[in-house]
């Protein structure tokens, strides 16, 4: 049994979770004693450095547009981010990558865009993928290659959109007696005009971050006004419907100027597999302190190394950071806590202390654990025993034992 000297004071509550975890780590270190403090501190610093180094790396995958695969047919990484390198020709100015698990027209799970900067002569588009792919699944991946719109193409765009929009309105708005007769409501006509714009510009693209171009609210208000208007004898059609058509033509010119790129080529890789992750058993090994009695001024506790099995509360890739870092654990301490001629403190069933805990991963492999320990205290003189439950805290390192495969 060990004693902790009276040199600790109460600490104020912290708002930041990292500070909270650090304070709990310090408490564990105090449990272990001064001789173990240097070793534990070195271990923590090593794990922090290893954590930062490992997070700084992302796999790089090479796309082959001829054979329609990645890295000579290798499955895509699952449950982690990666970078795709896609070859581009000199005239290509933008590449958009899209990922879907069905038809792209129905659903796009993720997309990213690479744009060539002025003066660059790169032959590779760098497209990071931060969408986490599921293990053992198939995904469709599409690469759309764009070039910049020429002035000739822009004039053709204006002519096409003007002709389509004007024909549509003139067929749906007709003068009858002293009013305009609408075949559809003003709201429906306005939505149809925007559909004409989006469908007509399907192969064209604005610069990333730009909102999808739409006709202004002025056009919608003019349609509503026109539907209620009563034409007087001294008014002409030109003063009403033609004003709307001119407004639409002016807006088409402005909207078409917002489009900068046009599709040059499309490469679609269908039903491409992801790697199948091997199942792993998470095992933790650490050092913990078990409370026995007293308070901070006269703390009595036991300490020993322990091993256990982890049960995660959620996948780190899909359940979010908090739940992905939280787990339940059960295991045993590797030695009895007190063994004298008259008294033994161990555990039931296997003669070793048994624990259960709630764990939180503070770094990549380092876990802070807090829970309860089941002890059996035997009095050898009176030949009696009693079961005790005591709280404990500990620090552990997690290892994965792969189930199957040769990893």
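When 306, 139 are ordered from fewest to most other Cβ atoms inside 10 Å of their Cβ, what list results? Walk me through the numbers before you get to the answer.
On the way: 306 27, 139 20.
Lowest count first: 139, 306.
Using only Cα atoms, what Kirkwood radius does the stretch 245-330 have, in angstroms?
On the way: mean 1/r = 0.0491 Å⁻¹.
The answer is 20.4 Å.
What ranking do 68, 94, 254 get, fewest neighbouring Cβ atoms within 10 angstrom at the top? Mind dumping the intermediate values first?
Values: 68 14, 94 23, 254 10.
In increasing order of surrounding Cβ atoms, one gets 254, 68, 94.
Over all distinct alpha-carbon pairs, what is the Kirkwood Rh of the stretch 90-171 in angstrom?
On the way: mean 1/r = 0.0628 Å⁻¹.
For the stretch 90-171, inverting the mean 1/r across all distinct Cα pairs yields 15.9 Å.
Report Rg/Rh for the stretch 83-230, rounded to two decimals, where Rg is the Cα radius of gyration and Rh the Kirkwood radius. Let's see the in-between values first.
Details: Rg = 21.0 Å, Rh = 18.8 Å.
Rg/Rh for the stretch 83-230 comes to 1.12.
Rg/Rh for the stretch 60-136 to two decimals, with Rh computed the Kirkwood way over all alpha-carbon pairs.
Working: Rg = 13.2 Å, Rh = 13.6 Å.
Using only Cα positions, Rg/Rh for the stretch 60-136 is 0.98.
What do you get for Rg/Rh over the stretch 151-263 if you use C-alpha atoms and the Kirkwood form of Rh?
When Rh is taken as the Kirkwood radius, the ratio is 1.02.
No lab work stands behind these numbers, since they all come straight from the coordinates. Just so it is clear, the structure is predicted and the values come from calculations on it, not from any experiment. Every residue, glycine among them, receives a Cβ derived from its backbone with ideal geometry; neighbour counts consider all protein chains shown.
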